[in-house]
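Student: The structure follows.
The values are calculated or read from the model by the stated rules, or taken from the named source; none is laboratory data. Model, not experiment: these values are computed from the prediction. Glycine also receives a Cβ, built like all others from the backbone with ideal geometry; neighbour counts cover every protein chain displayed. Just the protein is used for accessible areas: all its heavy atoms, side chains included, with ligands, DNA and RNA removed. Shrake-Rupley method; radii C 1.70, N 1.55, O 1.52, S 1.80 Å.
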Amino acid sequence: MNPEKFNLHRNDLEAIVKRYYTNPKLHFKIISSDVSRFSGSRVGYLGDHFFLKLEVNLRDNENQKEILSLFLKIIPTAIPALTTYLEAIGTSRKETRLYTDLFPRMQQFTRFAPKAYLAKDDRLLVLEDLTVEGFRSIEGADMGILDNAHLELALVALAKLHCASLMLETKTGRTIPELCPGALDENCWILKDNNPRVEELENAIQVLCELVKVIEKDNADLPKILEKLPKFVLQIYELVIPSDKCRNVVSHGDLWGSNMLFKYSKSTATPVDCLIVDFQFARYVPPAYDVNMLITLTTTGGFRKQHYSRLIDFYYGTVRREFISQCLSPEEIFPEQQFRDSCERYKVSGVIDNFLMNHVTLLPRKYVDRVFSSPEEYSNFSGEDKVRMCLEVLDNDSQYRTRISGIIKDLIDML
């Protein structure tokens, strides 16, 4: 496909090449350019993904031709209702702002996400193609569950993101909201007029209650559970507000399995590195919010009972090493006891997000493909139709039933 179809013109491509080589005075000629689909099936909910290939002749050496492989991400347009929804909640606007204004300053300290080479019109991003280095989504994860090796690497990447945020604040003496006003304003769970997420949360609570009626049908406390659930879930509006007691950081806020890419050893096929992608719901809250979200969304309740404390230790150990590598004191900037105390508070947000995100992301591929197959099918994925779909999958898919039942049990245990 021609890049101009995506509003990428010659001057945009030239800017990408100069940033790729970090040389604004580079002499070169773009010989060819092409855009191709990243995957035959949908790989995300909030963007359309492509490869951008540029064949470049570096004029300092007429015989030197290079192929630049890049990742192109744009706001979806094939389903008008989805486009309108994403524009209303500002997902693409937020992510392009972060990659343009904030991440370049944070990435001087450590690597936690791909580099950006172009952000345009609040709708389009051109990023590193991490597949060139061997990064990819995890294969074989059973219903979003990460094994210990992948989970620890994801925690390392998350710790680097949080540390880069704190290091930038320490270096400049200013908070992230002061450095980049508005960039981390809440756009996921905010109670305001004309916010489609409000209706979406109400619908999710409806789905939750209907699933609970089936899963807990023999529970004598079912009426009390159904009475308490809505108020419990609505706590999310308060939990995403920046803390006035703990240090806040740039937080990812959308840590399900597909938003982490892993690199593997060629000799042993074991994971050796992780980077985080998709920052459309980033926010400014204590690190414990993200830590609990990651651990809760990608493990089972039984696993957490055995390993939660160890994983918290592992995360903070990574934080300590990151600060020491920059000759900074972790205890002065990010006190350990304050972090551990905050982890207890944000266990609640972890179990709430676990349902709000996973009741959709764990749907079988054929259902996801159906939802995004046409504007009509997408519009139907709400209200009673969404309830019916989730109940249908609960009834017909044993893996979904097992995972959602566990997620709901963890939530009920906290009521």
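Student: With θ set to phi - 60° and the Karplus curve 6.51 cos²θ - 1.76 cosθ + 1.60, what are the ³J(HN,Hα) couplings of segment 385-390 in order, to the nearest whole Hz, using x for Gly and Pro?
Tutor: 5, 5, 4, 4, 5, 5
Student: Helix 196-215 versus the longest principal axis of the chain: what is the Cα-based angle in degrees, 0 to 90, to the nearest 10?
Tutor: Its long axis makes an angle of about 50 degrees.
Student: How much length is gained if the chain between Glu55 and Met1 is pulled fully straight, taking 0.36 nm per residue apart and subtracting their Cα-Cα distance, in nm to one decimal?
Tutor: Gain in length upon complete extension: 18.0 nm.
Student: Separate question: From the phi angles alone, apply the Karplus equation (6.51, -1.76, 1.60; θ = phi - 60°) to segment 106-122 and give each ³J(HN,Hα) in whole Hz, x where the residue is Gly or Pro.
Tutor: 6, 6, 5, 8, 6, 9, 9, 8, x, 6, 10, 10, 7, 10, 9, 6, 6
Student: List every residue whose amide H lies under 5 Å from the amide H of Asp273, counting only residues 5 or more places away in sequence or on a different chain, with H placed 1.01 Å from N in the peptide plane.
Tutor: Lys263
Student: Report, in deg cm²/dmol and to the nearest 500, the calculated mean residue ellipticity at 222 nm for the chain, where each DSSP H run with n ≥ 4 adds -39500 (n - 2.57) and the sum is divided by the residue count.
Tutor: Numbers: 18 runs with 205 residues, N = 415.
Result for the chain, helices only: -15000 deg cm²/dmol.
Student: What full-extension length gain, to one decimal in nm, is calculated for Ser374 and Ser398 as 0.36 nm per residue of separation minus the Cα-Cα distance?
Tutor: Working: separation 24, 0.36 × 24 = 8.64 nm, distance 2.74 nm.
Taking Ser374 through Ser398 to full extension adds about 5.9 nm, to one decimal.
Student: Quick one: Karplus J couplings for segment 332-349, per residue in order, coefficients 6.51, -1.76, 1.60, θ = phi - 60°, nearest Hz, x for Gly and Pro?
Tutor: Per-residue couplings from phi come out as 6, 8, 9, x, 5, 5, 4, 5, 5, 5, 5, 4, 5, 5, 8, 4, 5, 4 Hz.
Student: For a quick check of understanding: with a 1.4 angstrom probe and all protein chains in place, what accessible area in square angstrom does Met414 have, to the nearest ten?
Tutor: Accessible area of Met414: about 70 Å².
Student: Residues with beta-carbon under 15 Å from that of Lys228, excluding Lys228: net charge, scoring Lys, Arg +1 and Asp, Glu -1?
Tutor: On the way: positive: Lys213, Lys224, Lys231, Lys409; negative: Glu216, Asp221, Glu227, Asp410, Asp413.
That works out to -1.
Student: Which one, Ile352, Ile75, Ile31, has the greatest fluctuation when you compute a Gaussian network model over the chain with C-alpha springs under 10 angstrom?
Tutor: Ile31
Student: Also: What whole number of Å gives the distance from the Cα centroid of segment 1-58 to the Cα centroid of segment 73-152?
Tutor: Computed from Cα coordinates, the inter-centre distance equals 16 Å.
Student: Mind checking the per residue accessible area of the chain for me, 1.4 Å probe, whole number of Å²? Walk me through the numbers before you get to the answer.
Tutor: Working: 18890 Å² over 415 residues.
Dividing the accessible area of the chain by its residue count gives 46 Å².
Student: Follow-up. Starting from segment 57-122, pick out the trypsin sites (Lys or Arg not before Pro) whose DSSP state is loop and whose Cβ has at most 11 other Cβ atoms within 10 Å.
Tutor: Numbers: sites: Arg59, Lys65, Lys73, Arg93, Lys94, Arg97, Arg105, Arg111, Lys115, Lys120; in loops: Arg59, Arg111, Lys115.
Hits after loop and neighbour filter: Arg59.
Student: What per residue convex hull volume, in Å³, do the alpha-carbon atoms of the chain yield?
Tutor: Working: hull volume 66.2 nm³, N = 415.
Convex hull volume per residue, Cα atoms: 160 Å³.
Student: Along its principal axes, what span do the Cα atoms of segment 128-190 show, with the longest given first and each in whole Å?
Tutor: That works out to 43, 30, 25 Å along the principal axes.
Student: Computed FRET efficiency, Cβ-Cβ of Glu66 and Asn148, R0 45 Å: what is it to the nearest 0.05? Could you put the intermediate results ahead of the total?
Tutor: Values: r = 39 Å, r/R0 = 0.87.
Plugging the Cβ-Cβ distance into 1/(1 + (r/R0)^6) gives 0.70.
Student: Quote the Stokes-Einstein diffusion coefficient, in whole µm² s⁻¹, for segment 1-158, based on the Kirkwood radius over alpha carbon pairs, a temperature of 10 °C and a viscosity of 1.306 mPa s.
Tutor: Working: Rh = 17.4 Å.
Rounded to a whole number, D works out at 91 µm²/s.
Student: Also, I was wondering about something else. Just add up the charged neighbours of His150: K/R +1, D/E -1, any other residue whose Cβ is under 14 Å from the Cβ of His150.
Tutor: On the way: positive: Arg136, Lys263; negative: Glu139, Asp142, Asp147, Glu152, Asp273.
In short, -3.
Student: Let me ask something additional. Using amide H atoms built 1.01 Å from N in the peptide plane, name the residues 5+ places from Arg123, or on other chains, whose amide H lies under 5 Å from its own.
Tutor: Here nothing satisfies the definition.
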